[in-house]
Amino acid sequence: MMNVISLRNVLVVVAIATLSTGAASAFEPPVFPLNEAQMKALEDYSAAKTEKAFAAGPEGQFSAQTGFISATVAAREALKVCDQNVSDSAKRCILIDLNGQRLPDAVQMAQLIRIDPGFLDKPMPVPDLVLDVDAWRAKESYRDKPENKAFAISLKGPWGRSWEGASLEEAEKEALASCNRHEPAKTAPCFILMRNGAAVPVEQLRANPDLSVDGQTTP
């Protein structure tokens, strides 16, 4: 895993270096160049951990969203923040980087035909949750804990767990309370990912605009 991450970082550095030299393969959207501030933000963003996304607009606006456990949510937040003060729909932002990978011109151009910004204010599926090493290890060791137990996590990464609860409901409350004590959870409230030995079906989860998550149907 460390070798893969290192290779990704090397590729990002190469891409940024190419940007600064103005080579033909410059990292820029197809319809507007990146200004100096956007380029600097993109360079800073390249060093951040995944899951992450970078959006930019033709008026110089940009948003770098990093440290999530879902690339889908990171992309949504990047576009939402980047578009906050844009009144002209023709000058809205597009996503140009996802997890350190430049989006192809075809994908960038396809984004330019977005016509329904209302999607940013609706719950969206999160099929691509990615746990960091710490959360993954906690989740794996959780499997051996006695019931009643629960595992909670935030879209920003913090996690919490509880076992040997008086009831499953009590275990869930304790796991959520433990998770929500972490600073990042103040802006992305924790949600239940596992109950006893069963994971909440990912296809049920919906990320709300406020970064809370619904869809954990009570058993």
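Assessment of the range 134-146 against the conditions (surrounded by 14 or more Cβ atoms within 10 Å (Cβ to Cβ), part of a loop (DSSP other than H, G, I, E, B) and modelled with pLDDT under 95) yields no matching residue. Scanning the range 190-219 for residues that are of a type outside the set (A, V, I, L, M) and closer than 17 Å to residue 76 by Cα turns up 206, 208, 209, 210, 212, 214. For the criterion of being at pLDDT 95 or above, part of a loop (DSSP other than H, G, I, E, B) and among the aliphatic types (A, V, I, L, M), residue 152 fails.
Consider the range 47-71 and keep the residues that are buried (at least 21 other Cβ atoms within 10 Å of the Cβ) and of a type in the set (S, T, N, Q). The one that is farthest from the chain's Cα centre (by Cα) is 63.
For the range 172-192, the condition holds for at least one residue, the condition being that it is out of contact with any Ser or Thr (no Cβ under 6 Å at 6 or more places or on another chain), surrounded by 17 or more Cβ atoms within 10 Å (Cβ to Cβ) and under 17 Å from residue 123 (Cβ atoms).
Residues in the range 196-219 that are buried (at least 21 other Cβ atoms within 10 Å of the Cβ) and touching a helix residue (DSSP H, G or I) at 6+ places or on another chain (Cβ under 6 Å): 207 alone. For the range 195-217, residues that are without any contact (Cβ under 8 Å) to a residue 60 or more places away in the chain and out of contact with any strand residue (DSSP E or B) (no Cβ under 9 Å at 6 or more places or on another chain) total 5.
The values are calculated or read from the model by the stated rules, or taken from the named source; none is laboratory data. Since this is a predicted model, take the numbers as computed values, not measurements. Backbone-built Cβ (ideal geometry, glycine too); neighbour counts: all protein chains shown.
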